[in-house]
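What follows is a single structure, written as structure tokens, with notes after it.
Any read-out appearing in this document is the output of simple, stated calculations on the displayed coordinates, not a laboratory observation. This is a predicted model, so every value here is computed, not measured. Neighbour counts run over all protein chains shown; Cβ positions are idealised from the backbone, glycine included.
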Amino acid sequence: MFGLYYAPYVYMFTASALRNMDPSLEEAAEISGASAFGTLFSVTFPLIMPAIVSGMLLVVHRDARQSMAFRRCSARRPTSPFSPPTSSN
């Protein structure tokens, strides 16, 4: 649910990695005869993968923490004000 809320963080990490990437690496792959997809999968993705993974881990971690907080808060309250109290043994 909060994955879309944190999408800008993943974008910031990935955009920063793309900006800091040396364009001569892609040019070298192109000169070597690699196709556009070959360059993408053999040069670009391996260089930006740490940024994508760190952004995804941040989103999963924050989403899990938020979900656990909601579960803890909702577990203490009855579902209805008219429901009978439960005994906690």
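Express in nm, to one decimal, how much length is gained between Ala7 and Phe41 on full extension, taking 0.36 nm for each residue of separation and deducting their alpha carbon distance.
Result: 10.0 nm gained on full extension.
Give me a comma-separated list of calculated 3J(HN,Hα) values for the stretch 35-50, in order, Karplus coefficients 6.51, -1.76, 1.60 applied at θ = phi - 60°, integers in Hz, x for any Gly or Pro.
Karplus-based 3J(HN,Hα) across the stretch 35-50 equals 6, 4, 5, x, 5, 4, 7, 9, 10, 5, 4, x, 6, 9, 4, x Hz.
For the stretch 31-60, list residues with backbone N below 20 Å from a point placed 7 Å from the Cα of Thr14 toward its Cβ?
36-60
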